[in-house]
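One structure below.
All of the numbers you see were taken from the coordinates with simple rules; none came from a lab. The structure presented is a predicted model; accordingly, all values stated were derived computationally and were not measured. Virtual Cβ from ideal backbone geometry, glycine too; neighbours counted across all protein chains shown.
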Amino acid sequence: MCLMAPLRIVAIEAGSCLVQVGDHTERVTTLPLADAELAEGDWLLVAGSMAIRRLEPDQAGLVTEAFERAHGSSDQEARDP
């Protein structure tokens with residue numbers, strides 16, 4: 001099973017970006033979003049190592065909130081897009 005999560009972009013590279021995952025960063029491909037204008041600070045819906053779509057900050061907050069309710073997490077930083 002693959003879990004999708006909203007993650008914030010911390011750096012943009014050709015065809016990929018670095019996103020914040022807890023206290024570290026991970027590289028994800030942005031090739032499925034080739035036509036999207038992405039910038040540092042943007043939120044992405046990520047599945048595995050692939051960006052699925054760009055999210056507005058309020059959308060990222062709602063997805064994160066639902067995930068936390070389902071899994072009992074209380075990470076304030078993840079809720080604060």
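Hey, fewest Cβ within 10 Å first, where do E56, E26 land in order?
Listed from fewest to most nearby Cβ atoms, that is E56, E26.
Give the angle, between 0 and 90 degrees and rounded to the nearest 10, that separates the Cα long axis of helix 57-71 from the longest principal axis of the Cα atoms of the chain.
Orientation of helix 57-71: about 50 degrees from the principal axis.
Which value, in debye to the nearest 20, gives the size of the charge dipole of region 4-79 about its Cα centre, when Lys and Arg are +1 and Asp and Glu are -1 at the Cβ?
200
Skipping prolines and chain starts, which residues have an amide H placed within reach, meaning under 5 Å, of the one on D42, given they are 5 or more residues away or on another chain?
So D42 has HN proximity to I9.
What 222 nm value per residue comes from the helices of the chain, counting each DSSP H run with n ≥ 4 as -39,500 (n - 2.57) and dividing by all residues, nearest 500 deg cm²/dmol?
Result for the chain, helices only: -7000 deg cm²/dmol.
Pull out a ≥ b ≥ c, the square roots of the eigenvalues of the alpha-carbon gyration tensor of the chain, then state rounded if a/c is under 1.5, prolate if not and a/b is larger than b/c, and oblate in the remaining case.
Prolate, because a/c is 1.5 or more and a/b exceeds b/c.
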